[in-house]
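Only one structure is covered here, and it is reproduced in the block below.
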Amino acid sequence: MAAKDAASNMEKEQIFGMAEKEMEYRVDLFNRLTKTCFDKCIEKRYKESELNMGENSCIDRCVSKYWQVTNLVGQLLGSNRPPM
């Protein structure tokens, strides 16, 4: 019985560790996306307190392309994994 509980605890720790890594990955992805699109789309000298139409459009396109590429790379990496 104790061995079963130990195995169950190890599984829970593995699941928690995987969830933690996934969260770190997502935060890093969000931070990279934000920096990339901000640097590309927002003028260095702020003229207005709100985003203008051009900046809004640029950010929309940038985020969309970033997600498309991220998903494509994920699919390609997933299809190249060796069988377990």
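Observations
- Scan of the stretch 5-35 for residues that are over 13 Å from the mean Cα position of the chain (by Cα) and open to solvent by less than 90 Å² (accessible area, probe 1.4 Å), ordered by number: Asp5, Ala6, Ala7, Ser8, Asn9, Gly17, Ala19
- Verdict on Gly78 being among the small types (Gly, Ala, Ser), modelled with pLDDT under 95, surrounded by 10 or more Cβ atoms within 10 Å (Cβ to Cβ) and assigned to a helix (DSSP H, G or I): no
- Selection within the stretch 37-50 - over 15 Å from Val63 (Cα atoms) and open to solvent by less than 100 Å² (accessible area, probe 1.4 Å): Glu43
The values are calculated or read from the model by the stated rules, or taken from the named source; none is laboratory data. The model shown is predicted, which means the values in this text are computed figures rather than measured ones. Glycine also receives a Cβ, built like all others from the backbone with ideal geometry; neighbour counts cover every protein chain displayed. The area values use the complete protein model at the heavy-atom level, side chains included, leaving out ligands, DNA and RNA. Shrake-Rupley method; radii C 1.70, N 1.55, O 1.52, S 1.80 Å.
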